[in-house]
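The values are calculated or read from the model by the stated rules, or taken from the named source; none is laboratory data. Bear in mind that the values here come from a model prediction, so they are computed numbers and not experimental data. Ideal geometry is used to build each Cβ from the backbone, glycine not excepted, and the neighbour counts take in all protein chains shown. Surface areas here come from the heavy atoms of the whole protein model, side chains and all, with no ligands, DNA or RNA. Shrake-Rupley method; radii C 1.70, N 1.55, O 1.52, S 1.80 Å.
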Amino acid sequence: MSLRFFVVASCALLLATPAFAGTAWVQETSRPVLPYCGSVYAPPYGEKAGRRTCPVPKPRTYSPRHAGIGFDILDLESEACFVPDESYQLLDQLIDEVGQKVNVSAGKPDKPKVLDIARVLGEVMAGRGFGLYIPTETLGDALVNRTGGNGPAEYIFDCDIGSLILMTVAENLSFPAHLVDITLSGGSGHNYVRWEVPNQSPIEWDVNGRQQCLTPSNLPPYEGKSMSREETLGYAYLLRAALWEHIGKIDRELDDLRESLKRRPDHPDAYNNLAWVIATGSIPVSDGLLKEALLAASQAVDIERHPNSLDTLACVHAAAGHFYQAAQVEREAAKMSPNNQTFSRRIAQFEASPPQDCRSEN
């Protein structure tokens, strides 16, 4: 089993009732009172959750009427876990329904227009049976009816998946937006949507709270940025890598992690995950793979000296038989996170006689 340290955003913990998580409401000059992104959750909430069953691939009979980032991601995902025509059709329907309900004329994006799109999409999704459920792992998981056609339809979404749906709708209404990635104070990842509006402050929307929000301060340099389309696709490859892992196609998982880090070279996730899979996964490890893992783990640490990335680097050293270096790096991780018993246990493993690498735990 390959544990994930820098995974795709987990969108924080799902709360049973609307609540504010950790961060306070703030007032900024010339802006209304807004919550920090990731601090508010709004109903409805999903109940029928979990990874969907991958159907047997079959020829498509439905051709989407629209295009955009969500359709591109469904195509990618479908290679690992077939996405049925009904999911493409539902995404088309969401775009159509929002387009019918908002007054969006051609022109430059402005605050009222983009907020209207975001607000109406939230209403449309709630009306169609979408509920917030964390984690929703993929876009295909969100667009499958959880009732199987028995009774009213039920769907799920979370911060990154809901953001991708909103971005797809906005793109087709000629108001393209960006995906934003942050880590909350509790350590969970979070995503939301940002519009870069000329001559105005950015407009940010949190699909979990179904409202406008503000980016928290004091983030690492690679967080809180507006992702380009290439970077968003890099995020999608990170999502698909987890699908390949689930079905045991580790070679394909590694390929997707390599593609992800190429498209998001300043973010540690894919570097860290690539190194972790090589160091701890159930695959034959060659000198070439160990060298690749060391380079990737080192790059993740260079981007941010986080205790979990240090732990990955230590496990790579151990996989290569360099247990002294592994123990030294693990001590740094343990010093940064003294309550993490896993780190302390690994130091003992690396210094045991005979020493053990991290693969022995998986």
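Looking at the structure I just gave you, is residue 225 more than 30 Å from residue 114 (Cα to Cα), of a type in the set (Lys, Arg) and open to solvent by 50 Å² or more (accessible area, probe 1.4 Å)?
For residue 225, the condition - more than 30 Å from residue 114 (Cα to Cα), of a type in the set (Lys, Arg) and open to solvent by 50 Å² or more (accessible area, probe 1.4 Å) - is not met.
Looking at this structure, is residue 275 touching a residue at least 60 places away in the same chain (Cβ under 8 Å) and closer than 25 Å to residue 240 by Cβ?
Considered against the rule, which asks whether it is touching a residue at least 60 places away in the same chain (Cβ under 8 Å) and closer than 25 Å to residue 240 by Cβ, residue 275 comes out as no.
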All conditions in (1) in contact (Cβ under 8 Å) with a residue 24 or more places away in the chain; (2) under 22 Å from residue 274 (Cα atoms); (3) among the aliphatic types (A, V, I, L, M) are true of residue 219 except (2)
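For residue 57, state whether it is loosely packed, with under 15 Cβ neighbours inside 10 Å, part of a loop (DSSP other than H, G, I, E, B) and not polar (S, T, N, Q).
On the way: loosely packed, with under 15 Cβ neighbours inside 10 Å: yes; part of a loop (DSSP other than H, G, I, E, B): yes; not polar (S, T, N, Q): yes.
The answer is yes for residue 57.
Which of the residues belonging to the stretch 276-329 are assigned to a loop (DSSP other than H, G, I, E, B) and either open to solvent by 10 Å² or more (accessible area, probe 1.4 Å) or of a type in the set (Lys, Arg) (or both)? Step through it out loud before you land on a result.
Taking the stretch 276-329 and keeping what is assigned to a loop (DSSP other than H, G, I, E, B), we get 281-286, 304-306, 320-322.
282, 283, 284, 285, 286, 304, 305, 306, 320, 321, 322 - these are the residues of the stretch 276-329 that are assigned to a loop (DSSP other than H, G, I, E, B) and either open to solvent by 10 Å² or more (accessible area, probe 1.4 Å) or of a type in the set (Lys, Arg) (or both).
Okay, residues lined up against (1) modelled with pLDDT of 95 or more; (2) closer than 17 Å to residue 121 by Cβ; (3) touching a Cys at 6+ places or on another chain (Cβ under 8 Å):
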position: 42; (1), (2), (3): yes, yes, no
position: 53; (1), (2), (3): no, no, no
position: 59; (1), (2), (3): yes, no, no
position: 70; (1), (2), (3): yes, yes, no
position: 85; (1), (2), (3): yes, no, no
position: 93; (1), (2), (3): yes, yes, no
In the stretch 127-137, which residue that is open to solvent by 10 Å² or more (accessible area, probe 1.4 Å) and not charged (D, E, K, R) is nearest to residue 236 (Cα to Cα)?
135
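I need a count of the residues in the stretch 80-108 that are open to solvent by 40 Å² or more (accessible area, probe 1.4 Å) and either touching a strand residue (DSSP E or B) at 6+ places or on another chain (Cβ under 8 Å) or not in a helix (DSSP H, G or I) (or both).
First pass over the stretch 80-108, keeping only residues open to solvent by 40 Å² or more (accessible area, probe 1.4 Å): 86, 89, 93, 96-97, 100-101, 103-108.
Among the residues that remain, those that are also either touching a strand residue (DSSP E or B) at 6+ places or on another chain (Cβ under 8 Å) or not in a helix (DSSP H, G or I) (or both) are: 103-108.
Qualifying residue count for the region: 6.
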Name the pairs: first residue in the stretch 169-184 and farther than 17 Å from residue 72 by Cα, second residue assigned to a strand (DSSP E or B), Cβ to Cβ under 6 Å, at least 6 apart or on different chains?
180/192; 180/194; 181/191; 182/190; 183/189; 184/190
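Restricting to the stretch 141-165, give me the number of residues that are surrounded by fewer than 24 Cβ atoms within 10 Å (Cβ to Cβ) and either without any contact (Cβ under 8 Å) to a residue 60 or more places away in the chain or assigned to a helix (DSSP H, G or I) (or both).
Filtering the stretch 141-165 down to residues surrounded by fewer than 24 Cβ atoms within 10 Å (Cβ to Cβ) leaves 144-155.
With the extra rule that they be either without any contact (Cβ under 8 Å) to a residue 60 or more places away in the chain or assigned to a helix (DSSP H, G or I) (or both), the set shrinks to 145, 148-153.
Here the count works out to 7.
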